[in-house]
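The values are calculated or read from the model by the stated rules, or taken from the named source; none is laboratory data. Worth saying up front: this structure is predicted, and the values here are computed from it rather than measured. Here the Cβ positions follow ideal geometry from the backbone for every residue, glycine too, while neighbour counts run over all protein chains shown. All accessible areas refer to the heavy atoms of the entire protein, side chains included, with ligands and DNA or RNA removed. Shrake-Rupley method; radii C 1.70, N 1.55, O 1.52, S 1.80 Å.
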Amino acid sequence: MQLKISNLCKTYRNGTRALSDVSLTVTEGMFGLLGPNGAGKSTLMRTLATLQEADQGGAELDGIDVLKEKDSVRRRLGYLPQEFGLDPKVTAIDMLDHFAALKGIRSKTERTSAVESLLRQTNLWDSRHKRLGTFSSGMKQRFGIAQALLGDPQLLIVDEPTAGLDPEERSRFLNLLAGIGQSIIVILSTHIVDDVNQLCTDMAILNRGTVLLQESPQGATGRLEGKVWEKEVPRSELEQTLTEYKVISTKLIGGTHRVRVFAESMPGPGFSAVAATLDDVYFLTVRG
Ligand code: ADP
């Protein structure tokens, strides 16, 4: 299975260029689309989910033209948007049954079985008779995945799903996605580097509508090995350090600044070598 995105461009009417010649090849597994707010992730996700037109370029899912053959794509697509409205008064089981009917599962027996299986998979079976208005944000997101998986999609698009989840809910949600991502294409758009680190076998970094990198998280981190250095710097020396070195990030710990620096070899006195992380890859890539 392959999704091939070629030279996608999108400029909104107000002149914002949200996608600029975006090309990516995505295969089965978890694909992370990382980028800061405003990078163009949602625009790309909505375009792939056939909800928005591109100005130029194309996308093909196993030979299907994603931009033109919309019905065909929709039959193979599951989508969890950043925000989706749910009727707070309806129970989880009734709402999912309703979505299943909308998705075209006409037989009641088939629908009941699909709904039960998805509510179990997303760990919501025990809460099936609760109204959606009483659900926590983590439960709502898991319900969102249940509705997105109706009809056995080959391509699942999940837009910023962990924003606003507490650590326990987030971990539960990521585990759920990890299980799904083994047999289909899952595109996870996020600004949280750790989501990609934990889950994804491939990723791209997008900024200002441009793909800056496509590589496995492991490969990208590996390329930085031996080139990341750390030093504790008193406040009075911080400014000079920031101008003197290629600083990746700084962290304030107990009144001193711990500075991470990129350098091909030992940058200066007081630095020690540290293991590279995907955060380092992300900061260096986005800041150029
Ligand atoms: P992300 O999901 O990475 O935060 P978006 O795709 O939402 O990025 O936005 C990319 C850029 O396009 C931003 O500058 C945003 O303000 C702009 N944008 C998004 N949607 C619209 C719209 N409907 N009209 C005009 N500009 C938009």
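A few notes on this one:
- Number of the condition not met by Gly219 [criteria: (1) open to solvent by 50 Å² or more (accessible area, probe 1.4 Å); (2) closer than 30 Å to Ser171 by Cβ; (3) free of Cβ contacts under 8 Å to residues at least 12 places away in the same chain]: (1)
- Number of the condition not met by Met266 [criteria: (1) in contact (Cβ under 8 Å) with a residue 40 or more places away in the chain; (2) not assigned by TED's automatic domain parsing to the domain that holds Gly38]: (1)
- Looking across the range 195-214 at every residue that is touching a Leu at 6+ places or on another chain (Cβ under 9 Å) and open to solvent by 70 Å² or more (accessible area, probe 1.4 Å), the one that is farthest from the ligand (Cβ to nearest atom) is identified as Gln198.
- If you go through the range 245-257 and keep only what is open to solvent by 80 Å² or more (accessible area, probe 1.4 Å) and modelled with pLDDT of 95 or more, you end up with just Lys246.
- Filter result for Ala276 (over 26 Å from Gly40 (Cβ atoms), open to solvent by less than 50 Å² (accessible area, probe 1.4 Å), of a type outside the set (S, T, N, Q) and touching a residue at least 24 places away in the same chain (Cβ under 8 Å)): yes
- Evaluation of Lys140 against the conditions (1) open to solvent by 70 Å² or more (accessible area, probe 1.4 Å); (2) within 16 Å of the ligand (Cβ to nearest atom) shows that the sole unmet condition is (2).
- Within the range 123-234, strands (runs of 3 or more DSSP E) holding 2 or more residues that are farther than 29 Å from Leu252 by Cα: 155-159, 185-190, 202-207, 210-215
- Exclusive hit being open to solvent by 30 Å² or more (accessible area, probe 1.4 Å), modelled with pLDDT under 95 and over 29 Å from Gly144 (Cβ atoms), set Glu225, Glu264, Glu230, Glu239: Glu239
- Pair list, Cβ < 6 Å and 6+ apart or interchain, from the range 166-180 residues that are in the same structural domain as Leu149 (by TED's automatic domain parsing) and open to solvent by less than 60 Å² (accessible area, probe 1.4 Å) to residues that are part of a helix (DSSP H, G or I) and modelled with pLDDT under 90: Leu174/Gln198
- Given (1) exposed (fewer than 15 other Cβ atoms within 10 Å of the Cβ); (2) over 19 Å from Pro161 (Cα atoms), number of the condition Gln82 does not satisfy: (2)
- Checking Gly32 against (1) away from the ligand (no atom under 16 Å from the Cβ); (2) open to solvent by less than 20 Å² (accessible area, probe 1.4 Å), the condition it does not meet: (1)
- Scanning the range 153-165 for residues that are open to solvent by 10 Å² or more (accessible area, probe 1.4 Å) and within 16 Å of the ligand (Cβ to nearest atom), we see that the one that is farthest from Ser137 (Cα to Cα) is Glu160.
- Hey, Lys10 within 13 Å of the ligand (Cβ to nearest atom), among the basic types (Lys, Arg), open to solvent by 10 Å² or more (accessible area, probe 1.4 Å) and at negative phi or not: yes
- Which numbered condition Ser127 misses (of (1) of a type in the set (S, T, N, Q); (2) farther than 29 Å from Ile5 by Cα; (3) open to solvent by 30 Å² or more (accessible area, probe 1.4 Å)): (3)
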